[in-house]
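We did not get these values from a lab; they are worked out from the coordinates using the rules stated. If you're wondering where the values come from, they're calculated on a predicted model, not measured in any experiment. For neighbour counting, all protein chains shown are included, and Cβ atoms are generated from backbone atoms with ideal geometry for every residue, glycine included.
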Amino acid sequence: MLESFIKKLHSYLLQKEEEMAKECKISSKDIEDEIQKVLLQIKKLKEQCNDDLKEFEYLLAKLHWIKAEAIKCQNELQMELKD
């Protein structure tokens, strides 16, 4: 619910800034400053996502290895039971 509110707020603010730009009440420098802030946030989010993705890929690889070990043990037990 909070995310929806924030999205609506951002949409409203962008609409107001667009109106101000059309009425020549806001400078391109101000907008450029906002663009740079957004680009910085995008960069930070991408870095965080990449870090998180690497961690999940590590976990997945480790789980596959553990599963293989479990299968190996099961197969060994089955072979012992057959003998």
Once phi is turned into ³J(HN,Hα) by the Karplus curve 6.51 cos²θ - 1.76 cosθ + 1.60 with θ = phi - 60°, what whole-Hz value does each residue of the stretch 75-83 show in order, with x for glycine and proline?
-> 5, 5, 5, 4, 5, 5, 5, 6, 7
For the chain, diffusion coefficient by Stokes-Einstein and Kirkwood Rh (Cα), 4 °C, 1.567 mPa s, µm²/s | 72 µm²/s
Given the candidates 4, 66, 39, the one whose Cα lies deepest towards the positive end of the charge dipole of the chain, counting +1 at each Lys or Arg C-beta and -1 at each Asp or Glu C-beta, is 4
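Would you mind checking 22/46; 7/43; 44/67; 16/37; 46/67 for any pair whose Cα atoms are more than 24 angstrom apart? Walk me through the numbers before you get to the answer.
Working: 22/46 32 Å; 7/43 20 Å; 44/67 35 Å; 16/37 18 Å; 46/67 31 Å.
Cα-Cα > 24 Å for 22/46; 44/67; 46/67; rest within.
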Residue 47 versus residue 68: modelled label distance in nm, points set 7 Å from Cα along the beta carbon direction = 3.4 nm
